[in-house]
């Protein structure tokens with residue numbers, strides 16, 4: 001992540017962004033870590049499910065839970081309703097478990113850590129002390145903290161490799177650890193909430209995830225606690241032909257607050273990799289959760305070869321009165337995106353917000369949006385979606401706003417803007433609106449525009465080159481959403497917007 | 001400074017010849033005005049000089065201090081010191097005016113191999129220049145030209161000019177749509193920027209702007225060429241008699 005001391009960051013594109021664009025190759029995170037890996041055999045069956053459960057040291061109830069999901073999954077068919085075109089996925093031609101061999105025993109000092117693992121984090125811009133913690137060096141956590149105070153849980157292929165600032169969080173009563181650890185250490189919380197927002201039977205990909213999820217993050221914020229720092233998870237898919245199935249469970253107890261950031265990258269490969277994650281968020285009375293994603297998986301090359309297939313189910317349940325959730329996502333890198341971070345507004349006066357930037361360049365396809373399900377009275381939701389298409393890409397906004405009979409006096413406002421760069425790409429808007437009471441109000445506004453030649457010429461006549469000009473115009477178009485991101489991500493997101501549109505003009 | 005020789009330009013889309021052998025020279029430190037009836041090719045000239053797409057140069061040349069302008073991309077022309085104040089400045093939603101200015105200033109500095117301006121330094125300079133042009137701080141924060149009045153848009157062009165410090169400024173009908181007060185503010189801005197190292201080419205329909213910005217030379221343009229050149233009195237003659245006699249006289 002980049003330094004965010006520059007206060008101009010919220011203004012739009014700036015010097016750093018432009019420099020980043022010019023200094024970068026087309027995909028900065030495309031390198032691959034040569035590291036010795038341990039794989040489970042290819043394919044998925046009951047034995048693989050058991051093996052994953054065993055590797056994670058899980059109790060029997062968890063193994064049973066997974067098996068139940070697996071048995072359901074084999075009866076299900078892959079959904080085809082999205083506006084996505086991809087060759088059939090062979091689910092038996094994937095590895096469902098891969099971890100660096102070095103993770104078996106905790107290293108005692110930095111010397112014992114596989115230097116390649118450290119180099120990976122160094123390249124990702126994570127400071128040394130945090131690198132040590134993430135590499136699992138014993139006692140590294142005791143060293144004084146410097147730099148930014150963002151707790152990180154890093155997931156490398158199938159395993160969580162470490163969590164920073166754990167002790168400091170524990171003092172506030174916040175539990176932040178890998179989900180495999182939570183299953184072992186906090187079974188009562190996991191039992192109570194796992195699958196309670198996204199049930200096992202929810203959809204094909206969520207069910208598969210329930211069976212084979214390998215790791216992910218767990219957060220519990222106790223009643224009345226404002227989490228003292230930003231929490232973040234860093235997902236990296238490294239191994240070839242390996243699916244990543246992480247599971248995130250966040251519980252914000254009554255009157256608590258937490259802001260959670262998620263970042264992801266993957267190496268550049270010419271085969272497609274499968275990513276099917278599930279994120280469940282439970283928000284109790286008067287609690288608030290902010291969940292931000294900057295997704296920067298490898299999007300495939302200019303010819304559409306390679307890239308991540310991203311089929312993700314993310315949902316927040318505002319389970320009690322005045323609960324509040326805010327999703328912010330910047331989606332720039334996936335060959336295929338199928339993802340609808342949604343809000344169930346169950347509690348009265350609960351609120352859901354969704355701010356999204358989805359950029360599709362070259363041959364990328366994105367079908368993304370949100371669901372706002374209003375169940376409680378006086379519930380509020382707001383959707384701001386910005387889709388940018390360039391090259392041959394297709395970008396679809398698909399949203400559901402549903403006002404149930406009991407959700408009286410509720411409101412939704414949706415703003416859905418599409419921007420086209422070039423004449424071979426497409427933008428599509430598919431809003432579903434269901435209103436079953438007479439006192440609620442739903443508004444939907446949509447626009448589609450093209451990057452204007454006049455705007456580009458205006459910028460260029462002032463000295464900016466064409467890519468700088470596009471970055472500036474697009475950053476302006478995305479401004480509402482970029483502003484909703486936490487500072488820690490704003491710079492990175494801005495740079496990403498520019499990078500992912502490289503080569504889209506001219 | 002600026003030298004245009006026998007310039008022939010075609011509008012690509014319509015295959016239509018707009019400039020038909022235009023020649024013009026603006027020496028260092030001078031202000032030249034180009035006047036002419038609608039459709040004589042005035043705006044085309046400004047776009048061709050600044051490098052807009054859609055025009056094909058079929059003959060002739062244009063150089064800025066000896067460098068071939070027509071061979072450069074628009075951003076290279078800007079870095080070389082050319083500036084066009086637009087007749088209709090473009091709106092860029094969501095992009096703060098200040099961000100735009102800073103990106104432009106630093107892009108040019110970088111292109112010239114100069115050091116970029118720091119945030120602090122930039123802020124100081126832009127505030128001082130905005131104050132001179134009677135532009136309030138609020139306008140600097142608003143998105144580029146979005147919701148600006150006609151006068152504000154033109155003043156913003158002059159602010160850009162002041163920040164970018166070009167050697168050669170082309171003003172494309174900057175007076176159109178301005179009331180008397182706005183026109184005075186704009187011309188005061190231009191006059192403040194006049195010096196022995198900076199030249200201006202002021203394209204205008206009317207004499208009024210030239211009351212405020214005293215030109216050294218006035219050119220009359222018709223049908224893609226300069227048909228007559230003279231001193232400031234030529235503009236007054238247009239004001240009194242219209243173009244009719246002048247053009248007839250020029251043949």
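When B:45, B:24, B:70 are checked against the criterion of being assigned to a helix (DSSP H, G or I), away from chain A (no Cβ under 14 Å) and surrounded by fewer than 22 Cβ atoms within 10 Å (Cβ to Cβ), B:70 stands alone in meeting it. For segment B:194-219, the candidate set comprises residues that are in contact with a helix residue (DSSP H, G or I) (Cβ under 6 Å, 6 or more places away or on another chain) and surrounded by 18 or more Cβ atoms within 10 Å (Cβ to Cβ); within that set, the residue that is farthest from residue B:41 (Cα to Cα) is B:213.
Flag: residue B:19 does not match the condition of being within 10 Å of chain A (Cβ to nearest Cβ) and at pLDDT 95 or above. Scanning segment A:426-458 for residues that are more than 14 Å from chain B (Cβ to nearest Cβ) and free of Cβ contacts under 8 Å to residues at least 24 places away in the same chain gives a single hit, A:438. If I filter segment A:466-487 for residues that are under 22 Å from the mean Cα position of the chain (by Cα), in a helix (DSSP H, G or I) and away from every other protein chain (no Cβ under 14 Å), do I get at least one hit? Checked segment A:466-487: at least one residue is under 22 Å from the mean Cα position of the chain (by Cα), in a helix (DSSP H, G or I) and away from every other protein chain (no Cβ under 14 Å). Look at residue A:461 and say whether it is without any contact (Cβ under 8 Å) to a residue 24 or more places away in the chain, within 14 Å of chain B (Cβ to nearest Cβ), touching a strand residue (DSSP E or B) at 6+ places or on another chain (Cβ under 7 Å) and more than 13 Å from residue A:383 (Cβ to Cβ). Yes: the conditions hold for residue A:461. Note on segment B:27-45: residues that are closer than 18 Å to residue B:229 by Cβ and within 13 Å of the chain's Cα centre (by Cα) amount to 6. Here residue B:228 meets the list (1) within 14 Å of another protein chain (Cβ to nearest Cβ); (2) more than 15 Å from residue B:86 (Cα to Cα); (3) in contact with a strand residue (DSSP E or B) (Cβ under 8 Å, 6 or more places away or on another chain) almost entirely, failing just condition (1).
Give, as residue ranges, the strands (runs of 3 or more DSSP E) completely inside segment A:140-232 that count at least 3 residues that are at pLDDT 80 or above and buried (at least 24 other Cβ atoms within 10 Å of the Cβ).
A:217-221
Might you let me know whether segment B:95-110 holds any residue that is without any contact (Cβ under 8 Å) to a residue 40 or more places away in the chain, more than 28 Å from residue B:29 (Cβ to Cβ) and within 21 Å of the chain's Cα centre (by Cα)? Yes: one or more hits. Could you please let me know if residue A:417 is within 13 Å of another protein chain (Cβ to nearest Cβ), within 23 Å of the chain's Cα centre (by Cα) and part of a strand (DSSP E or B)? Here the answer is yes, as residue A:417 does meet what is asked. The criterion of being surrounded by fewer than 17 Cβ atoms within 10 Å (Cβ to Cβ), over 14 Å from the mean Cα position of the chain (by Cα) and more than 14 Å from every other protein chain (Cβ to nearest Cβ) does not hold for residue B:53.
The values are calculated or read from the model by the stated rules, or taken from the named source; none is laboratory data. This one's a predicted model, so the numbers in the text were calculated from it and none came from an experiment. Note that each Cβ is placed from the backbone with ideal geometry, even for glycine, and that neighbours are counted across all protein chains shown.
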